[in-house]
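Computed from the coordinates by the stated procedures, all read-outs in this text should not be read as laboratory data. Just so it is clear, the model here is predicted, and its values are computed rather than measured. Cβ atoms come from the backbone with ideal geometry, glycine included; neighbour counts cover every protein chain shown.
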């Protein structure tokens, strides 16, 4: 088992209280940053660490921070994106509910680095119990002088607010999140201007994922170079992977980036193999929006190399034979999974969650869902399969925000790798619509 | 000033101009269509994706192409920018896809729709779309909603361009309608049963690109191409209203009053509800003369102006037909 930077003390009883957290080395990074470092040094440290955004896009956090416009006399904001709602991803919820102070510590250090005096945690509306945990932890941090005016006598002030969302997936998109935070309808904004120039209340803003902000804590404690020693190549440090699906041991694992996918699925240290002794059929490696890959391609790249849990290795081969690390929502599907049904299920989600602002996504997500529904329920035609690819292509790249792509990619990838299953649904509607039916290369079996 | 190349044509425009407005300065068939953007209303644009263009070179300083197609209505020009619209096949293909997307939930009820003949979506589909549909499922439908004494909302036809929301926000005292719901279940609504009757609210009818918001004093009175548009003005007591309008005549009756629009369907001077809904006698107005209707439009097919055949249509005609037309012109040739 590799080193754990974030979740080392997650199972310590009472770690969600200030005293216990402090006893286990908590808030060291705040002390170090505020007393011995300038804000620019903190940014430099994060740059050195090579930390990449953990929310899905994998954009280098240090670089994002350095893009922040710093006009004189204008407030800047740090917003933590805790609106985790991607199907298959549930790492931030765990991290926040068990280690609320880790996020708060990261928020203080990061806000200091960016020069923000007011910061927000925008949390998914459904996670109301986590909101309470965070609010309690924030109150403790205020009481102990880590938030408020003149933190630790350094002259730096910070107010931290938690704001619950209204339960929309789209509010996890950074500009929709800012709109929602401003009290408006959560429609993504057109970019440019980017949030780094005009974000919250038209002020320069950085929006970071919970895990990215939490990772700032070990980076400042041990130094960016130390952090960069973990991992492979440009994928440095550790990553929380929320593994679910047909695994023996689903759960949240903090892995050192670079673990082979095969080891992650089959070793007892991690997921412990596929349940009921079955065979693996497919994996969605980074939350429902990334392309699905069949067993052959997720374990080994098209070139025959072992696939590793890194940003680069998983995207090896582009979308033809690769996928993305995304937000780390690892969904494994055994041989009894119906890919058409699964794709329909994902599609239904995106149809429901499209904000309806731009036409390709508003109309396209519904269209995809309806065609998939038809295929799954035995009313499909052969030409529907090409229609899916064509509609997905019409959405992709033409929308305001990435939700269009998130809806199009899984459909396109499912047809790309599992076309035979779609065809089987068209040619054998009676068999395919039996409850629990799935396609198998050996024989189509009902369960 | 910034110099840009649009479809091979160079033009110099002030900094901060959008690509679409730069193209409109050139004019003609290279202008990208716009379904949601409305120059006089702040905040509009970027939603319908009809005006997507390819930026082949970002600027003179940074000549890299932009990775994705960009909405020309909200992307501002940079000096040295090279933009491809009709010269880029991928742009035209995407536009075809946008027409298809906009039409899948739009009822094709043009024969009974009041907007037919002056409908942006109709023109857009006619110019850029295909004649068939691949959509087999049921379309979404809504009941017609009465939202006040003058305006009817038929949500089924709405393409969610948000124009009316921004217009009401910026022109009227208090906006009572907005977008409710999300995705393809999103709808324009007055929460819960509010009535839109503020002054200037009638302008939402003019900005609506489709027949979703219609004038109740005009509904079903006449097809628009059978009416005669006439420019007129009156001394309106309302300080914000210039009283310069278009009267739409059938015989000697004024069937409706609208604001004057330019060739891209944009109102330049807003009019108040009194001018629009309550002054329907010739005696209320000073007549200036026939209104000029630009572009290929069925409205102009009937009177005053001959429709202009665009260059593409002429290019597609056989040589002999072109000669016939030139010798005996029923239409003005646009070249």
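Compute the long axis of helix A:339-353 from its Cα atoms, compare it with the longest principal axis of the Cα atoms of chain A, and write down the angle in degrees, 0 to 90, nearest 10. Helix A:339-353 and the main axis of chain A meet at about 50 degrees. For the protein assembly as shown, the Kirkwood hydrodynamic radius comes to 29.0 Å, computed from all pairs of different C-alpha atoms. Computed over chain B with a Gaussian network model linking Cα atoms closer than 10 Å, the most mobile of B:46, B:97, B:27 is B:27.
Taking the longest Cα principal axis of chain A as reference, the axis of helix A:210-222 is set at about 50 degrees. Cα centroid separation, the range A:111-145 to the range A:324-386: 36 Å. The range A:216-251 and the range A:281-308 have Cα centres spaced 19 Å apart. Shielding value for B:98-105 is 6, the average number of Cβ atoms from other chains within 10 Å of each residue's Cβ.
Computed from Cα atoms, the angle from the helix A:39-49 axis to the main principal axis of chain A rounds to 30 degrees.
Per-residue shielding of A:370-381, expressed as the average number of other chain Cβ atoms within 10 Å of the residue Cβ, stands at 1. Spatially, the range A:1-46 and the range B:126-163 are offset by 55 Å when compared through their Cα centroids. Per residue, the Cα convex hull of the range A:8-49 amounts to 83 Å³. Per residue, the average separation of C-alpha pairs within less than 8 Å and at least 6 apart gives the range A:114-185 a relative contact order of 39 percent. Sequence-distant contacts, meaning Cα pairs under 8 Å at least 6 residues apart, place the relative contact order of the range A:36-168 at 24 percent. Look at the stretch B:179-189: the mean tally of other chain Cβ atoms within 10 Å of its residues' Cβ atoms is 6.
Pairs of Cα atoms nearer than 8 Å and 6+ residues apart set the relative contact order; for chain A it is 15 percent. Each peptide in B:231-240, A:226-235, A:294-303 gets a packing score, the mean of other Cβ atoms within 10 Å over its residues, and the list from highest to lowest is A:226-235, A:294-303, B:231-240.
Size of the range B:126-257 from its Cα atoms: along the principal axes, largest to smallest, the extents are 51, 37, 25 Å. Helical runs (DSSP H, four residues minimum) scored at -39500 (n - 2.57) apiece and divided by the length of the protein assembly as shown put the mean residue ellipticity at 222 nm at -9500 deg cm²/dmol.
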